[in-house]
Amino acid sequence: MRQGAMKPYYLFSPWTRIFHWVMVICTFILFLTGLYIGNPFFLGTQGIEPTFAVNHVLSMEMIRYIHFIAGYVLIISFIPRIYGFIINPGDRLLPKPWTKLYWTGIMDTQMHYMFMRGKHRPYLRNSLARSGYLAVYLMFLIEAITGLAMYYMIEPNRFLAKVFGPFNNWLVNEYTVHIIHHFVAWCIILFVIVHVYMAIRADFTEKGGEISAMFSGVKYMEEEPDDLDDIRKDNLKTKIE
C-alpha cells in the first residue's frame, strides 16, 4: 500500500465477519465428514468396519454426529449474517441485475480477469463477486434443505420430518436428494478454491486489503468506488481515526 494514496472504507460489520469465519470452519468440517459418510475410507484392523472404527472415535456414528452439529451451527450462523444485513449497508452488497452498473461491472471485471484489461474500475464489491456470493448462499440453502430432508427420515414421525421429508418425494426420491447434496457440496468447494485464489490475487494486484477486510471490516481504495452510492450512509466511514 502506498502511504497516503489509499482511502479506507469501513465495509463489513462484525456480524458478517463472524459469519464468514464460522462458515469457513463449518464448510471445511462438513466437506471432510461428508466425504467419509459417502464413502468411508477407514482402513483399520482386518474385520473392523467403519461403523466401529478405532473404538468409536472414527466410527460412522461419531462422524455423522460431527457432520450434523457443523450443519446446525452453519444454519444458525446465518442469524448474525442477516442481522448484519439489516444494520449495515456494507453487508448488503448483493447483485442488482436491474441496474446498468451491474452489467457494465460484469463486463469490466470479466475483461480484467481474462487478461484483456490491465485493471478494472474500482468497486467495493464487483458485480461478479456479488453474484458469486449470492450463488453460494443459494447453494448452502440447497444443502440445508436436502441435508435435513435426509436426516429427519431417521424418525419420520417428528415434526421437522414432516416439514422436510416431502422434499424426498418432490425431488424424485431420497437417493436423488443424496446425489444433489453431494454434487452441490463439490460446487461449493469449487467456489471456495476460486474465491481464495481471487482474494489473494486481489490483495497482491490491487492492495485493497481484500483478505484483511474479513478481520478488520475495512477495505482500501485509491479511487472513489463506482458502487459507493450503494452503501453511502452514516455508518460508511471514509476516514478511519
message: Which of the helices (runs of 4 or more DSSP H) found entirely inside segment 79-192 contain at least 2 residues meeting this: open to solvent by 60 Å² or more (accessible area, probe 1.4 Å) and over 30 Å from ARG64 (Cα atoms)?
response: 100-113
Number of positions in segment 98-112 that are without any contact (Cβ under 8 Å) to a residue 12 or more places away in the chain, under 18 Å from LEU134 (Cβ atoms) and not β-branched (Val, Ile, Thr): 1
message: Restricting to segment 210-225, count the residues that are in contact with a helix residue (DSSP H, G or I) (Cβ under 8 Å, 6 or more places away or on another chain), in contact (Cβ under 8 Å) with a residue 40 or more places away in the chain and open to solvent by less than 50 Å² (accessible area, probe 1.4 Å).
response: 3
statement: Residue pairs within 6 Å by beta carbon, gap of at least six or interchain, first lying in segment 78-97 and touching a residue at least 60 places away in the same chain (Cβ under 8 Å) and farther than 20 Å from TYR9 by Cβ, second open to solvent by 70 Å² or more (accessible area, probe 1.4 Å) and assigned to a helix (DSSP H, G or I), listed first then second, are PRO80/TRP15; PRO80/ILE18; TYR83/TRP15
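The values are calculated or read from the model by the stated rules, or taken from the named source; none is laboratory data. All figures in this text were calculated on a predicted structure; none of them were measured in a lab. Glycine gets a Cβ as well: all are built from the backbone with ideal geometry, and neighbour counts include every protein chain shown. Side chains are part of the model used for accessible areas, which takes the heavy atoms of the whole protein and leaves out ligands, DNA and RNA. Shrake-Rupley method; radii C 1.70, N 1.55, O 1.52, S 1.80 Å.
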